[in-house]
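Trainee: Here you go, one structure.
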Amino acid sequence: DGILLVKLVNRSSGFEILVGACYFPPENSPWGRNTTEYFGHLLCQLYLHSDVESILLLGDFNSRIGSLQDIIDCMDSIAKRHIIDESINQHGRAFIDFLNDGRLCILNGRFDECFDNFTSVSTKGRAVVDYICVPHDVFPLCSDFRVDTCNTIVEKYNLYQLLGNRSKVPDHAVLLT
């Protein structure tokens, strides 16, 4: 529940990548779940598919991690994150534990700072809760990351005519790598 994993295989080379689309409800949501159970299940799924060459997890984890570290400075040769959302919540603490247990890191904030942005912008405020995560050994293969808000995309491509009278622009951003 809240996890969709798809294994993609290149027919000619046999290269396999596991792509995971994840959603974890907000902390105070009536649909909230146990973080230990959710991240434990996700970690178990990663272990079951540890034979693939690459893993890419992405989605709305509703986890605010602030300055919590998803890498160990003295052991990992991964760039430090540029932090734009200083807030930390309980989901964020559990998410960081999951990343550390799975030897994963997030791409958000690790590339060109001018492409960093909040991933959720609404009347309630701004937050970084959506992430793209990869294993540490896959990180060197990633060369770019950006966050484009839906408002920016609508404005850039003049998509206003596609919005109905009762519809609104989504409050979550598009993450690109």
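Any read-out appearing in this document is the output of simple, stated calculations on the displayed coordinates, not a laboratory observation. Because the structure is a prediction, the values reported are computed rather than measured. Glycine gets a Cβ as well: all are built from the backbone with ideal geometry, and neighbour counts include every protein chain shown.
Trainee: State the percent of C-alpha pairs, over all pairs in the chain, separated by a distance greater than 25 angstrom.
Mentor: 36
Trainee: Pairing the Cα long axis of helix 35-48 with the longest principal axis of the chain, what angle in degrees results, from 0 to 90 and rounded to the nearest 10?
Mentor: The two axes meet at around 50 degrees.
Trainee: Straight distance only, please: which aspartates and glutamates reach the Cα of residue 156 with their own Cα at less than 13 Å, same-chain residues fewer than 8 apart left out?
Mentor: 148
Trainee: Pull out the extension gain between residue 93 and residue 152, defined as 0.36 nm times the separation in residues minus the alpha carbon to alpha carbon distance; nm, one decimal.
Mentor: 18.2 nm
Trainee: Helix 90-102 sits at what angle to the longest principal axis of the chain, using alpha carbons and giving 0 to 90 degrees rounded to 10?
Mentor: Orientation of helix 90-102: about 30 degrees from the principal axis.
Trainee: Moving to a separate point now. If I histogram all Cα-Cα distances within region 1-67 using bins 10 Å wide from 0, what percent of pairs lands in each bin?
Mentor: Result, from short to long distances: 19, 45, 26, 9, 1 percent.
Trainee: Can you list, largest first and rounded to whole Å, the semi-axes you get for region 110-177 by taking the square root of 5 times each eigenvalue of its Cα gyration tensor?
Mentor: That gives 27, 14, 10 Å for the three semi-axes.
Trainee: D for region 42-110, whole µm²/s, Stokes-Einstein with Kirkwood Rh over alpha-carbon pairs at 20 °C and 1.002 mPa s: what number?
Mentor: 165
Trainee: Give me the lysines in straight-line cross-link reach of residue 124: C-alpha distance below 19 Å, same-chain residues under 8 apart excluded.
Mentor: Those lysines meeting the cut-off are 168.
Trainee: Here's another thing I want to ask about it. List the pair-distance distribution P(r) of region 75-149, using every Cα-Cα distance, as the percent of pairs falling in each 5 Å bin from 0 up to the bin containing the longest distance, rounded to whole percents.
Mentor: 3, 14, 25, 25, 20, 9, 2, 1, 0
Trainee: Here is a further query. As an exercise, use a Förster radius of 35 Å and the Cβ-Cβ distance of residue 11 and residue 176 to find the FRET efficiency, rounded to the nearest 0.05.
Mentor: 0.85
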